[in-house]
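Input: a single structure, listed below in structure tokens.
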Amino acid sequence: MKLAFVLGTRPEIIKMAPIINKTKKNESVVIYTGQHYDFDMSLRFIEELGMREPEYKMKLTKLQNTNTDRATQTGEIILKLAKILSEINPDTVLVQGDTNTVLAAAITSIKCNIPVSHVEAGLRSYDWRMPEEHNRIAVDHISEWLFAPTIKAKKTLLDEKVHGKAYVTGNTSIDAVEQNIANAQKKNKLNVLNGKFILATLHRGENVDDKTTLYSIMKALMDSPLRVILPAHPRTVQRLRQFGMLEKIKSSKTVSLISAIGYFDMLYLLKKCDFIVTDSGGIQEEATSPKIRKKVLITRKTTDRPEGLETGHSELVGVDTQSILRAIKRTVDNPKIVVRSSPYGSGNASERILNILKDRLG
């Protein structure tokens with residue numbers, strides 16, 4: 001069995017690491033596309049997670065994140081990846097999630113007559129504003145083996161009559177938390193945080209690229225009755241500066257804007273905070289881990305992780321200032337979660353995925 005892992009963003013690195021670390025170098029190849037452009041930060045994640053350095057690393061043309069640029073980026077990955085896959089000729093190409101890298105790798109693989117394995121298949125927001133929604137639907141219908149994190153995700157795939165075979169495996173994000181939370185407590189680079197605080201993250205295009213929406217969310221955070229720590233995603237900082245909000249946030253007595261952080265630091269903040277306000281899909285999953293168990297307020301109009309809503313781990317609060325603020329005040333008074341298990345598995349998704357592939361590929 002020869003596997004090719006294609007990854008291009010930090011969430012993909014985090015969620016693929018538990019699978020890659022269970023494979024031997026002679027049976028797998030790691031290909032990094034560099035989709036986020038921040039090469040050093042991504043390599044830091046790889047090192048933190050105990051992954052070997054990728055055998056192939058791309059340097060993509062730096063673009064400005066417009067719709068045209070995203071199409072060009074996808075095409076550039078396809079051109080470069082086709083040469084690599086023709087050299088190594090793997091039995092399957094594994095992709096995770098819903099990025100441009102995932103779409104490009106799936107298209108390249110199917111055109112090279114290599115079956116696609118999709119980790120985290122079957123997620124849907126039914127929000128066509130999200131580029132990720134286009135990507136994951138296309139990849140699910142291209143893939144030969146689909147590893148759904150939940151029964152609900154598998155049902156979505158069956159209802160859509162996908163070509164490939166779907167399996168429920170859990171989500172490898174829970175594997176990653178289980179494997180790294182102890183190290184995060186020891187190796188994080190943040191000062192010990194005393195007192196109560198909310199952890200907030202914000203990066204999705206539909207939120208930060210719209211001036212009205214971004215202001216609405218930031219106003220709720222600034223009016224919060226509890227201190228807020230906001231690790232600053234570069235895209236968010238750029239938009240805050242562009243929209244003339246950055247200095248106001250920096251002078252806020254409630255919101256502490258800190259630089260972008262590594263995975264261990266993020267796990268540490270997830271563990272220490274009272275609860276979370278975020279638009280991140282990955283954090284919605286990670287927060288359900290029994291090792292973290294923190295309430296998540298989702299600043300979006302839709303979510304592709306409805307399982308967390310059903311178990312009470314998360315709440316969809318929208319992007320209106322007053323709606324977010326009411327939810328924050330409610331949760332300050334009662335941040336507890338009753339359910340102890342995660343709806344995204346028990347931390348053995350990577351093992352299940354590899355066992356299925358071994359059974360299929362020999």
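Which one of 217, 181 is in contact (Cβ under 8 Å) with a residue 40 or more places away in the chain and either closer than 19 Å to residue 45 by Cα or in a strand (DSSP E or B) (or both)?
Details: 217 fails: either closer than 19 Å to residue 45 by Cα or in a strand (DSSP E or B) (or both).
The match here is 181.
I'd like to verify a number: residues in the range 338-360 that are modelled with pLDDT under 95 and either crowded, with 18+ Cβ neighbours inside 10 Å or among the hydrophobic types (A, V, I, L, M, F, W, C) (or both), how many?
Looking only at that region, the number is 2.
Could you say which residue among 202, 158 is assigned by TED's automatic domain parsing to the domain that holds residue 286 and out of contact with any Leu (no Cβ under 6 Å at 6 or more places or on another chain)? If you could, list the steps in order and put the result at the bottom.
Numbers: 158 fails: assigned by TED's automatic domain parsing to the domain that holds residue 286.
Of the residues listed, the single one that is assigned by TED's automatic domain parsing to the domain that holds residue 286 and out of contact with any Leu (no Cβ under 6 Å at 6 or more places or on another chain) is 202.
Return the only residue of 163, 141 being farther than 24 Å from residue 56 by Cα, without any contact (Cβ under 8 Å) to a residue 24 or more places away in the chain and in contact with a Ser or Thr (Cβ under 9 Å, 6 or more places away or on another chain). Step through it out loud before you land on a result.
Working: 141 fails: in contact with a Ser or Thr (Cβ under 9 Å, 6 or more places away or on another chain).
From the options 163, 141, the qualifying one is 163.
So, of the residues in the range 249-261 that are in contact (Cβ under 8 Å) with a residue 24 or more places away in the chain and either out of contact with any helix residue (DSSP H, G or I) (no Cβ under 6 Å at 6 or more places or on another chain) or assigned to a helix (DSSP H, G or I) (or both), which turns out to be surrounded by the fewest Cβ atoms within 10 Å (Cβ to Cβ)? Don't jump to the end; show me each part of the working.
So in the range 249-261, the residues in contact (Cβ under 8 Å) with a residue 24 or more places away in the chain come out as 249, 252, 254-261.
From the residues that got through so far, the ones that are either out of contact with any helix residue (DSSP H, G or I) (no Cβ under 6 Å at 6 or more places or on another chain) or assigned to a helix (DSSP H, G or I) (or both) too are 249, 256, 258-261.
Numbers: 249: 20, 256: 16, 258: 12, 259: 9, 260: 15, 261: 18.
Within the range 249-261, the match that is surrounded by the fewest Cβ atoms within 10 Å (Cβ to Cβ) is 259.
Please work out which one of (1) surrounded by 18 or more Cβ atoms within 10 Å (Cβ to Cβ); (2) touching a Pro at 6+ places or on another chain (Cβ under 9 Å) is the condition residue 276 fails and give its number.
Residue 276 satisfies all of (1) surrounded by 18 or more Cβ atoms within 10 Å (Cβ to Cβ); (2) touching a Pro at 6+ places or on another chain (Cβ under 9 Å) except (2).
Give the residues of the range 307-346 that are of a type in the set (S, T, N, Q) and touching a helix residue (DSSP H, G or I) at 6+ places or on another chain (Cβ under 9 Å), sorted by residue number.
Answer for the range 307-346, where residues must be of a type in the set (S, T, N, Q) and touching a helix residue (DSSP H, G or I) at 6+ places or on another chain (Cβ under 9 Å): 314, 321, 322, 323, 341, 342, 346.
Suppose we filter the range 263-313 for residues that are part of a loop (DSSP other than H, G, I, E, B) and of a type in the set (S, T, N, Q); how many remain? It would help to see each step written out before you state the result.
Kept after step one, since they are part of a loop (DSSP other than H, G, I, E, B), are these residues of the range 263-313: 273-274, 279-280, 287-295, 299-305, 312-313.
From what is left, the residues that are of a type in the set (S, T, N, Q) are 280, 288-289, 299, 302-303.
The total comes to 6.
Could you tell me which residue of the range 1-42 is farthest from residue 90 (Cα to Cα), considering only residues that are among the β-branched types (Val, Ile, Thr) and assigned to a loop (DSSP other than H, G, I, E, B)? Walk me through how you get there before you give the answer.
Going residue by residue through the range 1-42, those that are among the β-branched types (Val, Ile, Thr) are 6, 9, 13-14, 19-20, 23, 29-31, 33.
Checking the rest, the ones that are also assigned to a loop (DSSP other than H, G, I, E, B) come to 9, 23, 33.
Working: 9: 22, 23: 14, 33: 17 Å.
The extreme case among them is 9.
Go through the range 35-67 and give me each residue that's surrounded by 15 or more Cβ atoms within 10 Å (Cβ to Cβ), at pLDDT 85 or above and not charged (D, E, K, R).
46, 49, 51, 54, 56, 58 - these are the residues of the range 35-67 that are surrounded by 15 or more Cβ atoms within 10 Å (Cβ to Cβ), at pLDDT 85 or above and not charged (D, E, K, R).
Applying the selection to the range 184-212, what residues are surrounded by 18 or more Cβ atoms within 10 Å (Cβ to Cβ) and not in a strand (DSSP E or B)? It would help to see each step written out before you state the result.
At the first step, the residues of the range 184-212 found to be surrounded by 18 or more Cβ atoms within 10 Å (Cβ to Cβ) are 184, 188, 197-202, 204, 207-208.
184, 188, 197, 202, 204, 207, 208 - these are the residues of the range 184-212 that are surrounded by 18 or more Cβ atoms within 10 Å (Cβ to Cβ) and not in a strand (DSSP E or B).
Just a yes or no: is a residue in the range 148-164 at pLDDT 95 or above, buried (at least 20 other Cβ atoms within 10 Å of the Cβ) and under 30 Å from residue 321 (Cα atoms)?
Scanning the range 148-164 turns up no residue that is at pLDDT 95 or above, buried (at least 20 other Cβ atoms within 10 Å of the Cβ) and under 30 Å from residue 321 (Cα atoms).
Conditions first: (1) in contact with a helix residue (DSSP H, G or I) (Cβ under 8 Å, 6 or more places away or on another chain); (2) surrounded by 16 or more Cβ atoms within 10 Å (Cβ to Cβ). Residue 302 passes all but one, so which condition is the exception?
(1)
Just to be sure before I move on: is residue 310 among the charged types (D, E, K, R), surrounded by fewer than 16 Cβ atoms within 10 Å (Cβ to Cβ) and either within 20 Å of the chain's Cα centre (by Cα) or more than 30 Å from residue 89 (Cβ to Cβ) (or both) in the structure I sent?
Values: among the charged types (D, E, K, R): yes; surrounded by fewer than 16 Cβ atoms within 10 Å (Cβ to Cβ): yes; either within 20 Å of the chain's Cα centre (by Cα) or more than 30 Å from residue 89 (Cβ to Cβ) (or both): yes.
Considered against the rule, which asks whether it is among the charged types (D, E, K, R), surrounded by fewer than 16 Cβ atoms within 10 Å (Cβ to Cβ) and either within 20 Å of the chain's Cα centre (by Cα) or more than 30 Å from residue 89 (Cβ to Cβ) (or both), residue 310 comes out as yes.
Identify all residues within the range 294-313 that are under 18 Å from residue 206 (Cβ atoms) and among the polar types (S, T, N, Q); write none if there are none.
299, 302, 303
Being within 28 Å of residue 125 (Cα to Cα) and of a type in the set (S, T, N, Q), is that true of even one residue in the range 227-247?
yes
The values are calculated or read from the model by the stated rules, or taken from the named source; none is laboratory data. Everything numeric in this text was worked out from a predicted model, so none of it was measured. We place every Cβ from the backbone using ideal geometry, glycine too, and count neighbours over all the protein chains shown.
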